[in-house]
1. Taking the beta-carbon count within 10 Å as an exposure proxy, list 86, 180 from fewest neighbours to most.
2. How much length is gained if the chain between residue 294 and residue 204 is pulled fully straight, taking 0.36 nm per residue apart and subtracting their Cα-Cα distance, in nm to one decimal?
3. Over the residues of the stretch 39-194, compute the C-alpha Rg and express it relative to 2.2 N^0.38 Å.
4. Sorted from fewest to most neighbouring beta carbons within 10 Å, what does the list 50, 22, 111, 89 look like?
5. In whole angstrom, note down how far apart the Cα centers of the stretch 184-235 and the stretch 73-129 are.
6. Tell me the mean residue ellipticity at 222 nm calculated for the chain from its helices only (DSSP H runs of n ≥ 4, each -39500 (n - 2.57), averaged over every residue, nearest 500).
7. Quick check: convex hull of the Cα atoms in the stretch 175-247, volume per residue, rounded to a whole Å³?
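What follows is calculated from the coordinates using simple rules that are stated; it is not laboratory data. The structure presented is a predicted model; accordingly, all values stated were derived computationally and were not measured. Cβ atoms come from the backbone with ideal geometry, glycine included; neighbour counts cover every protein chain shown.
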């Protein structure tokens, strides 16, 4: 069984992406790791090269900045990296530049992939998510945060990135059949220096919206105001992956959330009411085939 990791990244330094930590968190599981490095205004390529691991294979790409709808350019860049994966790989582990696998999961994930490598009913694996907001001390718990996502897919079965690169579909637009896992991805996309976060908001939203929308909806400011963009949060009582510890030590801003304030959108309130009635109204871009438990 051969496993390939893959990701895409652009301007990692300007927008303060923990992409090195992302790659390192799953590198021990991978036999190769494809990194699609987009045309950047900083030293992103040198940053990836600094990992200094023979498994790393860099491909250089040019992003189409004219694509301004539904984040489709992100799916396009994801597919460039996926296309560069070796033909003989069984599984492909996708991780985005602001995601880090929690510690202690390598052997468990390897066991799951080994167990299902010959079961062609299984297209991939579903991982759980923790979304951090404002600082490394708080996670989002409202229904506006996705709880699970596909991050491991079977190679060469016609799977491609879907919509804004959040999930995957088969060529005939069918949802993937997946096995759910008890492993978490830590998503740190909303934990940045407020200046870097504001720059990201001003840049990244261009892949979804036109200039008119940007003028109306993105505040012209020097810093992102986390407190004005909060949803329901809770204090994180667990531990962060070791690879992210040095980054946490460098945190240079203050964020303190009043978690007694339950800020929910009307949409989330309706979803919560439906859940109490046994109806899950959250979007699911997959079909769950089975749950693979950890060995005791």
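1. Numbers: 86 14, 180 18.
Arranged by neighbour count, lowest to highest, 86, 180 become 86, 180.
2. Numbers: separation 90, 0.36 × 90 = 32.40 nm, distance 3.74 nm.
Net length gain for the segment: 28.7 nm.
3. Working: Rg = 16.4 Å, N = 156, 2.2 N^0.38 = 15.0 Å.
Relative to the rule-of-thumb radius for its length, the stretch 39-194 sits at 1.10.
4. Numbers: 50 9, 22 27, 111 13, 89 21.
With the sparsest Cβ surroundings first, the list reads 50, 111, 89, 22.
5. With the stretch 184-235 and the stretch 73-129 each reduced to a Cα centre, they are spaced 27 Å.
6. Details: 8 runs with 71 residues, N = 296.
Dividing the helical sum by the residues of the chain leaves -6500 deg cm²/dmol.
7. Values: hull volume 13.1 nm³, N = 73.
Looking at the stretch 175-247, the number lands at 179 Å³ per residue.
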